[in-house]
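Step one of this worksheet: look at the structure below.
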Amino acid sequence: MATTTTTSEAVSALKGDQITSPPLSSLCACNKHEKFRECVAYANASYAESLEPIAMVESSTPHSQLPMLGLCTAFLYPRGDFERLPVTIDGYMAFLFLDDLIDNSTDMRYISEIVVRFMATCKGTPIDDARFFLLARFMTDKRWDPTNLAEAVAEAQRFMDGALALRAIEVEKRTITVEEYLEIRLTEDFNRLMAENPDLWARVEQPSGRSVGIALDLYKLNGSHAEICEYTNVVKIWQRELSVSLDLSDAIEFMVDEFYRYEKEMADAVDELAKVSPDLAQAVRDVQGGTLKWMTGERGGRYSKI
């Protein structure tokens, strides 16, 4: 189980322009699909075939990091049907690549064009643009259940609406509160899975999303992964929100504690969920634990300089 007893020491040891978050540990165990090697091999091959020439020119993500989503998928779905994992890997690589194009620009015309094409692709409209090939492969897979596909498209729209809102804040250099930021960044409408108990599902989903969002922002501080986020990173937002000056290391320490607070809230709610739906509870634990495992493993590559 993760603790925060050494948070201050871990943060204070990282000073100057190298300061960043210490590694974070989820309260949920990380498991790995038995065919994780096949997942990695597929990701490498698919990336080289379809995305590498474009990513090396357009993406700010070190190109070697995109195929690592094969391992990420094996972490997220350790019990998944392997036949469905390759196209899922394609979807994750496409999303990461396109999300980077948005995150690394403040040209709203360019960003809006990416968002429009992203959503058109999600809805099945053919786009003559190689940047969207993998996304189209994922969204037009014939094995989609129509209800699940419609829900995925709606979730993509909510995410893109949030991305546009955050980019506008960055362009305008607008000061917002932490709560406003989290409300923009995180959605709480994906409750069909627990329609008979939406309050319980909300108590699972909200702290899970907040803990992952905080961890992502912590890891991007001073990271090698370029992103324009001076006004849309939770640590920097927290520093501005306070009426007194707060050192960056203190702000990081506070947000690390917030991460673990939300993780504990989520873990307690998942324990309740397990009494109602053991399989869904395990799926939540797999995704939460796998997400944090992959993100922490990428600290030296996609994210932090350390």
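The values are calculated or read from the model by the stated rules, or taken from the named source; none is laboratory data. Nothing here was measured: the structure is a model prediction, and the numbers come from that model. Virtual Cβ from ideal backbone geometry, glycine too; neighbours counted across all protein chains shown. Note: areas computed on protein heavy atoms with side chains; ligands, DNA, RNA excluded. Shrake-Rupley method; radii C 1.70, N 1.55, O 1.52, S 1.80 Å.
The figures follow:
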item	result
Selected residue (criterion: modelled with the lowest pLDDT) from residues of segment 107-131 that are of a type in the set (Val, Ile, Thr) and loosely packed, with under 14 Cβ neighbours inside 10 Å	THR125
Only one of SER249, SER243 that is surrounded by fewer than 18 Cβ atoms within 10 Å (Cβ to Cβ) and not in a helix (DSSP H, G or I)	SER243
Residue within segment 159-181 that is open to solvent by less than 60 Å² (accessible area, probe 1.4 Å), among the basic types (Lys, Arg), out of contact with any Gly (no Cβ under 8 Å at 6 or more places or on another chain) and modelled with pLDDT under 95 present	yes
Flag for GLU155 being surrounded by 15 or more Cβ atoms within 10 Å (Cβ to Cβ), acidic (Asp, Glu) and not assigned by the TED database to the domain that holds ARG210	no
Qualifying positions in segment 83-106 - in contact (Cβ under 8 Å) with a residue 40 or more places away in the chain and open to solvent by 50 Å² or more (accessible area, probe 1.4 Å)	ARG84, PHE95, THR106
